[in-house]
1. 7 Å from Cα along Cα→Cβ at both residue 182 and residue 21: what's the point-to-point distance in nm?
2. Working from the alpha-carbon coordinates of region 1-94, get Rg over Rh, Rh being the Kirkwood radius.
3. How much mean residue ellipticity at 222 nm does the chain get from its helices, if each DSSP H run of length 4 or more adds -39500 (n - 2.57) and you divide by all residues, to the nearest 500 deg cm²/dmol?
4. Between residue 109 and residue 34, with labels modelled 7 Å along Cα→Cβ, what's the label distance in nm to one decimal, could you check?
5. What nm distance separates the two modelled labels at residue 189 and residue 80, each placed 7 Å from Cα along Cα→Cβ?
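Read-outs throughout are calculated quantities, based only on the coordinates presented, and are distinct from any laboratory measurement. All values reported here derive from a predicted model rather than from experimental measurement. Every residue, glycine as well, gets a Cβ built from its backbone with ideal geometry; the counts of neighbours run over all protein chains shown.
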Amino acid sequence: MRLQDQLFEQRENAILTAARQLFSESPWDRVTIAEVAIAAGIGKGTVYKHFPSKEALYARLVLDNSLQNLHELRALHATSAPQEAMRQVIRRSFELMLDNPIHTQLCLHCDRPDFQERLEAPYRLQFFDIERQYQAFFRDMLSVTLNNQALTQADCQNLLWGVEACVNGVMARIASGGFAHWAEPISLHEYFARVSDFIIAGLRTQAADLLAHPSRHE
């Protein structure tokens, strides 16, 4: 790698590190690019050479973390007992959200249609790509969980929408701080267990219905 490229990469990593630190100390949506530049020890204009907007910086943080999580979840699935693999992946994905609530909040923000519309095209394409990777991973997990039953791609997508709704609900609950304000609160870890069981049961029931009555879902 050329020295110039090395320096560029080092500055970019410094910007990302500074942003993560600042977001953990202050509300992330109030941190300015100027503050990130000061924390990274570079000029504000240099930050814009790496990230053309604050949205681009948000996107990069989410993309990097999401890809890192995907690698971990794939490894977990590969080393887990087949019939428990998906449940363990779901539970671990919830724990990763809880371990990094800033990332969870940023994910919810970056998934907004108005955010995606403002985002520069290269970042939008990266979001599409990582979404495809997660979808492929879900299909692989589903095949193992359902003992390789022959579901169509459309069937898998229908099941994925249900899982996505549950996962988004968990993300929103983590972002809001849990259940401490409820009359009958539940710990987040117990909540994760119940939602995981609900997702697995729903997948198996819905998959059986799709296979038994394919015309009903056309």
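1. It is 3.8 nm.
2. On the way: Rg = 17.3 Å, Rh = 15.2 Å.
Taking Rh as the inverse mean 1/r over Cα pairs, Rg/Rh reads 1.13.
3. On the way: 10 runs with 172 residues, N = 218.
Computed ellipticity for the chain at 222 nm equals -26500 deg cm²/dmol.
4. 1.9
5. 1.7
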